[in-house]
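Enquirer: Here it is, the structure in full.
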Amino acid sequence: MINRPRIFSLDDTQQSVLNEHGFHGQDILSVNQFTPASLDYIFDVAEEMRAMVGRKGGADLLQGRVLSCLFYEPSTRTSASFIAAMERLGGSVIPITQGVQFSSVSKGETLHDTIRTLEQYSDVIVLRHPEKGAAAIAAAAADIPVINAGDGAGEHPTQALLDLFTIREELGRLDGLHIAMVGDLRYGRTVHSLTQLLTGYDVQLSFVSPEILRLPLDYMNQVRDAGKTVRETYSVADVIASADVLYVTRVQKERFTDLAQYEEVKDFYRITPELMDRAKPNAIVMHPLPRVNEIDVRVDTDPRAAYFRQVKNGMYIRMALLAAVLGKA
Ligand code: ASP
């Protein structure tokens, strides 16, 4: 156990802002819970977390607090990111990320009972589940905050926050940008969450996908209702020269019932250095990761490849969210 010096705490003003935004004790289930003002607040805290990590590596803000990290779907990044976030703030983690099929879940225990059990041990639960709506069910069962780390093809709100934070950090603003989402817009939950968040900003959106992976109508309607300029196309060539952000996604193999259909679309897009030659000099390429073939590894050395910086931002955002829902200070 590392003894961390007390180096980071919120002052009275910051504490009252945090209370005012009402995160303390709250679940994080959907991006719809956030307003531009509350996002700014979380982003400001995330920036403080970044500075603190840069200075000292960690703090004792969440010392004595326990996070249950319950993942019913494979995850490397998101689970590691939450674990790193909690540990850098001095808290501890019960990681239930491996072999969950051998646990009580496979013995038929309901999600409700698993959540009720874990809340006896912990102060906050992070849940990833293959079914849309599972996080809301867990939140209804628990008295402690539940954070949705991906519910099937539903939402992935913490990823969307870190995506938005990354755009802001990389390009210095959100308004006035052209953001192109590329790939599996049908099943990609990160796209669903980020798209909803972006409706709150003055952005132009392009959706680039094969026909069978188009953005679901309810999300498209939200974008249209918000009065955004929207373009749908099959071709990256249509957007490459004007996009400020290329948000590239993996085709979500695990959501397909017909694998032959997956094979047809899995290599539909590939971002290459040759394609990047046609992009704006200050455009950025993002990806929620893991990538399969959709971004050529040669793009990694292009300074516009922001996907690994995006990963690091995820830790700062999750530090800010954990501190916020646990009322810390
Ligand atoms: N890691 C992201 C998610 O959990 C993206 C992906 O898996 O393709 O949704």
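The values are calculated or read from the model by the stated rules, or taken from the named source; none is laboratory data. This structure is a prediction, so every number in the text was calculated from the model and none was measured. When the accessible area is computed, the model is the full protein with side chains, heavy atoms only, and any ligands, DNA or RNA have been set aside. Shrake-Rupley method; radii C 1.70, N 1.55, O 1.52, S 1.80 Å.
Enquirer: Ignoring everything but the protein chains, give the 1.4 Å probe accessible area of THR229 in square angstrom, nearest 10.
Expert: My reading of the accessible area for THR229 is about 90 Å².
Enquirer: Computed over the Cα atoms of the chain, what is the convex hull's projected area averaged over all directions, in nm²?
Expert: Working: hull surface 67.9 nm².
Spelled out: convex hull of the Cα atoms, projected over all directions, averaged, 17.0 nm².
Enquirer: Cα gyration tensor of region 194-276, axes a ≥ b ≥ c as square roots of the eigenvalues: rounded (a/c below 1.5), prolate (a/b > b/c) or oblate?
Expert: Values: a/c = 2.33, a/b = 1.27, b/c = 1.83.
It is oblate, given that a/c is not under 1.5 and a/b is not larger than b/c.
Enquirer: Then there's this: Quick one: angle between helix 157-171 and the longest Cα principal axis of the chain, in degrees between 0 and 90, rounded to 10, please.
Expert: Tilt of helix 157-171: around 60 degrees.
Enquirer: What ranking of ILE179, ILE94 comes out by heavy-atom accessible area, probe 1.4 Å, highest first? Walk me through the numbers before you get to the answer.
Expert: On the way: ILE179 0, ILE94 50 Å².
The most accessible residue leads, giving ILE94, ILE179.
Enquirer: Follow-up. Taking only pairs that are 8 or more places apart or on different chains, how many Lys pairs in the chain have Cα atoms under 20 angstrom apart?
Expert: Values: LYS56/LYS312; LYS56/LYS328; LYS132/LYS253; LYS253/LYS266.
Lysine pair count for the chain: 4.
Enquirer: Just ALA139, ALA51, ALA160 to compare: in a GNM of the chain, with alpha carbon springs under 10 Å, which one fluctuates most?
Expert: Among ALA139, ALA51, ALA160, the largest mean-square fluctuation in the Gaussian network model of the chain belongs to ALA51.
Enquirer: Averaged per residue, what accessible area in Å² does region 197-303 show with a 1.4 Å probe, protein chains only? Walk me through the numbers before you get to the answer.
Expert: Numbers: 5260 Å² over 107 residues.
Per residue, region 197-303 has 49 Å² of solvent-accessible surface.
Enquirer: Kindly identify region 202-329 as rounded, prolate or oblate by the Cα gyration tensor criterion: order the square roots of the eigenvalues as a ≥ b ≥ c, call it rounded if a/c is under 1.5, otherwise compare a/b with b/c, prolate if a/b is larger, else oblate.
Expert: Cα axes put region 202-329 in the rounded bin.
Enquirer: Same structure again: Give me the percent relative contact order of the chain, please, defined on Cα pairs under 8 angstrom at least 6 residues apart.
Expert: 20 percent
Enquirer: Which value at 222 nm does the chain reach when only helices count, each DSSP H run of 4 or more adding -39,500 (n - 2.57), with the total divided by all residues and rounded to the nearest 500 deg cm²/dmol?
Expert: Working: 11 runs with 125 residues, N = 329.
About -11500 deg cm²/dmol.
Enquirer: Here is a follow-up. Top mean-square fluctuation among MET276, MET319, MET49, Gaussian network model of the chain, C-alpha springs under 10 Å?
Expert: Comparing MET276, MET319, MET49 in a Gaussian network model of the chain, the most mobile one is MET276.
Enquirer: Now, a different point. Measure nothing fancy, just the Cα-based angle from helix 77-88's long axis to the longest principal axis of the chain, in degrees from 0 to 90, nearest 10.
Expert: Its long axis makes an angle of about 40 degrees.
Enquirer: Hey, another quick one. Helix 36-56: angle to the longest alpha-carbon principal axis of the chain, degrees 0 to 90, nearest 10?
Expert: 70 degrees
Enquirer: Another one. Find the eigenvalues of the gyration tensor of the Cα atoms of region 137-231, then list the square roots of 5 times those eigenvalues as equivalent ellipsoid semi-axes, largest first, in whole angstrom. Could the numbers behind the result be given before it?
Expert: Values: eigenvalues 111, 61, 29 Å².
Here the semi-axes work out to 24, 17, 12 Å.
Enquirer: Would you mind calculating the relative contact order of region 197-275 from Cα pairs under 8 angstrom and at least 6 residues apart, reporting the percent as a whole number? Write out the running numbers ahead of the final one.
Expert: Values: 51 pairs, mean separation 22.9, N = 79.
With pairs under 8 Å counted, the relative contact order is 29 percent.
Enquirer: Mind checking which of ILE212, ILE115, ILE83 has the largest fluctuation in a GNM of the chain, springs on alpha carbons under 10 Å?
Expert: ILE212
Enquirer: Once you sort the root eigenvalues of the Cα gyration tensor of region 132-291 as a ≥ b ≥ c, which label holds: rounded (a/c under 1.5), prolate (a/b larger than b/c) or oblate (the other case)? Walk me through the numbers before you get to the answer.
Expert: Values: a/c = 1.75, a/b = 1.25, b/c = 1.40.
Here region 132-291 falls in the oblate category.
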